[in-house]
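The values are calculated or read from the model by the stated rules, or taken from the named source; none is laboratory data. Computed from a prediction, not measured in an experiment: that's the story for all the values here. Cβ coordinates were reconstructed from backbone atoms using ideal geometry, including for glycine residues, and neighbour counts include every protein chain displayed. For the accessible areas, the whole protein counts, side chains as well, though only heavy atoms, and no ligand, DNA or RNA atoms are used. Shrake-Rupley method; radii C 1.70, N 1.55, O 1.52, S 1.80 Å.
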Amino acid sequence: MGKTQYYTATTIDGFIADENNSLEWLFQVERNPENTTIGAFFADVGAMAMGATTYQWLIDHEHVLDEPSKWHGYYGDTPAWVFTHRSLPAVPGADVRFVQGDVAPVHAAMAEAAGDGNIWLVGGGELVGQFADVGLLDQLILTVAPVTLGAGAPLLPRRLDGRLRLVGVEQDKQFAILTYNVGS
């Protein structure tokens, strides 16, 4: 089995979205258009999970319901689990599974689907925190932007004191890419 990884962009003050769940701050920061970090990361992903707000953002801002080819361009045939308590539309032709409740049994199903591949926890922070709470988070990969929001959706609303070990630092123009292993 591969690793369970939270790969996300964050502001330096620890937010992944602003108070309106907008990511506009992210697209205002210069990055290398030829950076292959996300492509290399995704090549090892065998399954992914996200919360309803993240999924809704993809629907609203990337228009993946109207243009399912965008979803397939981003994620291919990788199965995705969406944790939600509300009814959401499925992206046509995509392997999207709507779930709720305890993350542990869903993680087991994701691990089976991923085989030797990694599990990508796309977001949000509260969902990732639930995986961390039950010891099912192996790594954080944080793309840190030189932006402050002051408020919004927190990166990871949990204390992981003494559980993080820095194992990688990279730079992509104005972004710092920090990789931490998560211990118990």
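Carbon-plus-sulfur accessible fraction, the chain (probe radius 1.4 Å, protein heavy atoms only): 49%. A 1.4 Å probe run over the chain, with the rest of the protein chains in place, finds 50 Å² accessible per residue. Local charge for Glu24 was computed over the other residues whose Cβ lies under 14 Å away, with Lys and Arg +1 and Asp and Glu -1, and equals -4.
Provide, for q = 0.12, 0.15, 0.25 Å⁻¹, the log10 of I(q)/I(0) from a solvent-free Debye sum over equal Cα point scatterers in the range 1-75. The calculated log intensity ratios at q = 0.12, 0.15, 0.25 Å⁻¹ are -0.41, -0.67, -1.52. The calculated 222 nm mean residue ellipticity attributable to helices in the chain amounts to -7000 deg cm²/dmol, summing -39500 (n - 2.57) over DSSP H runs of n ≥ 4 and dividing by all residues. Around the Cα centre of the range 20-73, unit charges on the Cβ atoms of Lys, Arg, Asp and Glu (plus for the first two, minus for the last two) sum to a dipole of about 120 debye. Its Cα gyration tensor gives the range 142-184 an equivalent ellipsoid, and the semi-axes of that ellipsoid, as √(5λ) in whole Å with the largest first, are 20, 17, 5. Rounded to the nearest 20, the size of the Cβ-charge dipole of the chain about its Cα centre is 400 debye, with Lys and Arg at +1 and Asp and Glu at -1. Rounded to two decimals, the Cα radius of gyration of the chain over 2.2 N^0.38 Å is 0.98. Residue ranges 27-39, 55-67 sort as 55-67, 27-39 when ordered by packing (mean number of other C-beta atoms within 10 Å per residue, highest first).
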